[in-house]
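First up is the structure itself, then whatever we jot down about it.
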Amino acid sequence: MAPLVHGGDLAWARRRFPAAPEPLLDLSTGINPHAYPLPPMPADAFTRLPSAEADARVRHLAATVYGAPDAAHVTLAPGTQILLPLLAGLVPPGRAAVLGPTYAEHARAARLAGHDVHDVTDAAALVEADLAVLVNPNNPDGRLLARAAVEDLLAARGGRGLMVVDEAFMDVAPDGVSVASLTSMPGLAVLRSFGKFYGLAGLRLGALAAVPATVARIAAQLGPWAVSGVALTIAEAALADQPWRTAMRERLAGEVRRLDALLTGAGLAPSGTDLFRMVESAQAPMLFERLGRAGLVVRCFEAMPQRLRFGLPPDDAAWARLAAALA
């Protein structure tokens, strides 16, 4: 069977565990299981092309929430995934360094753009790269570089090439870590994901923060109407909803403590973010099999078989299933 490339592939899981009880419980992603409640949807969100005015309003909100200087420093895209090869293509083919192990799509996108890609384990190795990639907080282990450390890297690079800081999970990180406010600096591009924290990954919405010239170039490559009217309508409501954001951060922090207690009780040592936890154990392959046969799908890694990543269960029944499977 082909290896699991990304989390969330329940068709792969059903082929791998054909006798598992249904419904399968998908714990293989880092997506918030408590999605933002969808606002009333005007009919013209479906029947008309997305308006430039709605796009501008969401860019303004995104700049405010993510800390970018202003809306001119932000462009929206149908998910951050589509931005990876576009950003890699801004730099002439050269040496790319990706601080890993991390989300594999960054290296793949850099190779597509013609770069000589190096997976590095020391952040200092990002300094001399033409294209440098840092996922912060990191996926899958939650490694978090302090803002001061990222600033030092940027200063050492001296504006060389492009440094991409993927902040897909920054919504649940401590305040003051994001470097989106530094995107007046040339040579820095910051990615933010909407779908993970708001639990709406299928909406396909992401944001890029960078200097206006970079933003304009990427926006031109994406073309008009890159983001649907439905996505803009939902994002405008969600990004403006500070009370929901605050309450959800508190809820997720409590639930990840509950998950840590289950994993620790099973003899595992979890680390990660408030949207996922990773464990490392020689017993990981056996545990993956046991959970899968029980209908619980967690994230495994072909290149790191000793690691598993757990997302948060969505409800009490799911928590009970996980507790029973780990017992």
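For this structure, a couple of remarks:
- Accessible area of Arg249 in the full protein assembly, 1.4 Å probe (Å², nearest 10): 70 Å²
- Stretched out straight at 0.36 nm per residue, the stretch from Phe46 to Ser271 would grow longer than its current Cα-Cα span by 76.9 nm.
- Here segment 242-282 is treated as a Stokes sphere of Kirkwood radius computed over C-alpha pairs; at 10 °C and 1.306 mPa s its diffusion coefficient rounds to 145 µm²/s.
- Virtual paramagnetic centre 7 Å along Cα→Cβ of Ala324, amide N under 17 Å, in segment 276-291: 290-291
- Scaled against 2.2 N^0.38 Å for its residue count N, the alpha carbon radius of gyration of segment 19-135 is 1.42.
- Taking GluC sites (Glu not before Pro) as exposed when DSSP calls them loop and at most 13 other C-beta atoms lie within 10 angstrom, the chain has its longest site-free stretch at 129-301.
- What separates the Cα centres of segment 119-159 and segment 18-40 is a distance of 32 Å.
- Hydrodynamic radius by Kirkwood, which averages 1/r over all alpha carbon pairs of segment 31-89, in angstrom: 13.9 Å
- From the largest down, segment 154-289 spans 51, 40, 30 angstrom on the principal axes of its Cα atoms.
- When +1 charges are put on Lys and Arg Cβ atoms and -1 charges on Asp and Glu Cβ atoms, the dipole computed for the chain relative to its Cα centre reaches about 480 debye.
- Ligands, DNA and RNA aside, Phe301 has an accessible area near 30 Å² when probed at 1.4 Å.
- Where labels lie 7 Å past Cα in the beta-carbon direction, separation of Trp244 and Ala282 in nm: 4.8 nm
- Pairwise Cα distances in segment 1-62 exceed 16 Å in 68 percent of cases.
- Using heavy atoms of the protein chains and a probe of 1.4 Å, the accessible area assigned to Met41 is about 60 Å².
- Accessible heavy-atom area order of Met185, Met278, highest first, probe of 1.4 Å: Met185, Met278
- The convex hull of the Cα atoms of segment 81-139, projected and averaged over all directions, covers 3.5 nm².
- Positive-pole candidate from Val120, Ala110, His73, dipole of segment 55-207, charges at beta carbon: His73
- Cα extents of segment 160-228 along the three principal axes, largest first (Å): 34, 33, 15
- Simple point charges give the picture: +1 on the Cβ of Lys and Arg, -1 on the Cβ of Asp and Glu, and for segment 226-327 a dipole about the Cα centre of about 240 debye.
- With eigenvalues of the C-alpha gyration tensor scaled by 5 and rooted, segment 70-112, Å: 21, 13, 10
- Stretching the chain fully between His34 and Ser184 yields a gain of 50.6 nm (0.36 nm per residue, less the alpha carbon separation).
- Compared with the rule-of-thumb size 2.2 N^0.38 Å for a compact globular protein, the chain has a Cα radius of gyration ratio of 1.00.
- Cα-based Rg and Dmax for segment 225-327, where Dmax is the largest Cα-Cα distance (Å): 16.8, 50
The values are calculated or read from the model by the stated rules, or taken from the named source; none is laboratory data. As the structure is a prediction and not an experimental result, all values here were calculated from the model. Here Cβ is always computed from backbone atoms with ideal geometry, including for glycine, and neighbour counts include all displayed protein chains. What goes into the accessible areas is simple: the full protein's heavy atoms, side chains included, and nothing from ligands, DNA or RNA. Shrake-Rupley method; radii C 1.70, N 1.55, O 1.52, S 1.80 Å.
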